[in-house]
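Structure first, commentary second.
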Amino acid sequence: MTSTQPTEHTHSLHTPYSRLTPDVVLDALAAVGFDGDGRLMQLNSFENRVFQVMMEDGSAVVTKFYRPDRWSDEQILEEHAFTLEAAACDVPVVAPMALRDAGRGRLAALLSAPSADLPTLARVAVGDLTWRLAVWPRRAGRSPELEDAAVMHRLGQALARLHGCGSAGSFQRRERRAPLQDARDALSVIERSSHLPPDQIHGWQRVSEQVLQAISLRCNTHTPAQLRIHGDCHPGNLLWRDDRPNLVDFDDCATGAAVQDLWMLLSGEPEAARQQLGWLLDGYTEFRAFDEREIGLIPAMRLSRMLRHNAWVASRWSDPAFPAAWPDFGRSGYWAQQALQLQELAAEALS
């Protein structure tokens, strides 16, 4: 999943992906100075299309072809600038690589962030389509062991250092994570879509009111400091290797509260999650102070993310990858289950 501000999209925004063939990927990379040897593999990504490509020199890169109209050039370049800034501060992030005009006649534009000295975003024309792409070095790794105190301690240290960098500047174009407004926006997308079955509408509206009440109650208890954050810091966006994490995929970096980057690393029963949070904060507070009042916002963030996920799927339904991944999405059973889970989480948040 990608935790983005849900928006409605038409079929025309999805059909170009069917034309993103291996030859197109290789031609586009060659245009910006990366000559592949013909071997490539599509990686798991719903929002964009991401490929691992072997180079003629034996190295490997990861390239992302951005979904049309999801982000503006300026928003993407802010993402790149943030990761480059963090990498310069020795934060363990994987930052984009510099691109160049390789003289292949396909390059439409090379774009640089105002704060960066190197171009990291390209517009490449292949056939009658123009693709926006960026390139990263491949980083191998495995999922972190979140039940391991030492691993969580190191993750806390890494996130504190990222947030230290994030607090030193600000985004001008990226989204702001605000649980209550995000939830309202998501509910609007869901209710306008055709995916909510008629027999579920009344129950869904009732649960929605409970959810908004619960989020509002939690958010009114504390207004957290805002800073640049990863925004989608779940285990799938962490690669663990040589006793250290690599933070990857800043596609959803945003302005928000520090705790937004912590809570998705917690799992299991409440007692286990509290222990994991303690391990994280032990490492975090070695590098940066943490306002513990933000912990009370976690139930609101969990509810908001669940709604945003459903709105995201609804808004991307014309992309063939989505019906294949969520075949039950339009059925009563799916929405009844979602309503029950939301009701339970809202009850916990209100308690």
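Taking every pair of Cα atoms in the range 161-219, average 1/r, invert it to obtain the Kirkwood radius, and report Rg/Rh to two decimals.
On the way: Rg = 16.3 Å, Rh = 14.0 Å.
Expressed as Rg/Rh, it is 1.17.
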Problem - P(r) of the range 11-137 over all Cα-Cα pairs, binned every 10 Å from zero, in whole percent - result: 13, 46, 36, 6, 0
Exercise for the section: Assuming R0 = 22 Å, can you tell me the calculated FRET efficiency for the pair S167 and L118, based on Cβ-Cβ distance, to the nearest 0.05? Expected result: 0.35
Practice task
Quickly work out the A272-to-H222 label distance, labels modelled 7 Å from Cα along the C-beta direction, and quote it in nm with one decimal.
Solution key: 2.5
Exercise for the section: For the chain, build the convex hull from the C-alpha positions and give me its volume per residue in Å³. Expected result: 132
Fill in the blank from the handout: Given unit charges at Cβ for Lys, Arg (+) and Asp, Glu (-), the dipole magnitude of the range 149-350 about its Cα centre in debye, nearest 20, is 440
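Ranked by Cβ crowding within 10 angstrom, fewest neighbours first, how are T255, T120 ordered? Present the calculation step by step, with values, prior to reporting the outcome.
Values: T255 19, T120 25.
Ascending number of Cβ neighbours within 10 Å: T255, T120.
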Completion exercise
Measuring from its Cα centre, the range 11-137 shows a charge dipole (+1 at each Lys and Arg Cβ, -1 at each Asp and Glu Cβ) which, in debye to the nearest 20, is 400
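Suppose a student asked you for the relative contact order of the chain, using Cα pairs under 8 Å spaced at least 6 residues apart; what percent would you report? Walk me through the intermediate numbers first.
Numbers: 612 pairs, mean separation 75.9, N = 351.
Normalised by residue count, the contact order of the chain is 22 percent.
For the range 221-320, what's the relative contact order in percent, using C-alpha pairs closer than 8 Å and at least 6 residues apart? Could the numbers behind the result be given before it?
Values: 88 pairs, mean separation 26.5, N = 100.
Worked out over the range 221-320, it gives 26 percent.
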Handout entry: Between helix 22-31 and the chain: long-axis angle, C-alpha atoms, 0 to 90°, nearest 10
Key = 70
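Determine the dipole magnitude for the chain: charges of +1 sit on the beta-carbon of Lys and Arg, -1 on that of Asp and Glu, nothing else is charged, the reference point is the Cα centre, and the result goes in debye to the nearest 20.
Working: 35 positive and 45 negative charges, 100 e Å.
The dipole magnitude comes to about 480 debye.
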Exercise for the section: Convert each backbone phi in the range 74-79 into a coupling constant with the Karplus relation 6.51 cos²θ - 1.76 cosθ + 1.60 (shift: θ = phi - 60°), then list the ³J(HN,Hα) values in order as whole Hz, x for Gly and Pro. Expected result: 5, 5, 5, 5, 5, 4
Completion exercise
Of the residues A134, L159, A257, the Cα lying farthest along the dipole of the chain towards its positive end, which is defined by charges on the beta carbon of Lys, Arg, Asp and Glu, belongs to A134
Practice task
Quick one: what are the phi-derived ³J(HN,Hα) couplings along the range 37-44, Karplus 6.51/-1.76/1.60 with θ = phi - 60°, whole Hz, x for glycine and proline?
Solution key: 9, x, 9, 8, 9, 6, 9, 5
Exercise for the section: Pop a pseudo-label 7 angstrom from the Cα along the beta-carbon direction at both H202 and F287 and give the gap in nm to one decimal. Expected result: 5.3
Exercise for the section: Collect residues whose amide H, placed 1.01 Å from N in the peptide plane, falls under 5 Å from the amide H of A109; neighbours closer than 5 in sequence don't count. Expected result: R123
Exercise for the section: Quick one: Debye curve from the alpha-carbon atoms of the range 98-146 only, equal weights, vacuum; give me log10 I(q)/I(0) at q = 0.19 Å⁻¹ to two decimals. Expected result: -0.69
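Between E56 and E191, what FRET efficiency follows from the Cβ-Cβ distance if R0 is 56 Å, with the result rounded to 0.05? Working shown, then result.
Values: r = 52 Å, r/R0 = 0.92.
The calculated FRET efficiency here is 0.60.
Kindly state, as a whole number, the per residue volume in cubic angstrom of the convex hull around the alpha carbon atoms of the range 149-350. Could the numbers behind the result be given before it?
Numbers: hull volume 26.3 nm³, N = 202.
Output value, Cα hull per residue: 130 Å³.
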Problem - Quotient of C-alpha Rg and 2.2 N^0.38 Å, computed over the range 264-351 - result: 1.39
Exercise for the section: May I ask you to evaluate 6.51 cos²θ - 1.76 cosθ + 1.60, the Karplus curve with θ = phi - 60°, for each residue of the range 261-278 and list the ³J(HN,Hα) values in order in whole Hz, giving x for glycine and proline? Expected result: 8, 9, 5, 6, 8, 9, 8, x, 5, x, 5, 5, 5, 5, 5, 4, 4, x
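Restricting things to Cα coordinates, could you compute the convex hull volume per residue of the range 248-308 in Å³? Walk me through the intermediate numbers first.
Details: hull volume 6.8 nm³, N = 61.
Considering the Cα atoms of the range 248-308, their hull volume per residue is 111 Å³.
Read-outs throughout are calculated quantities, based only on the coordinates presented, and are distinct from any laboratory measurement. Worth saying up front: this structure is predicted, and the values here are computed from it rather than measured. All Cβ positions, glycine included, derive from the backbone under ideal geometry; neighbour counts span all protein chains shown.
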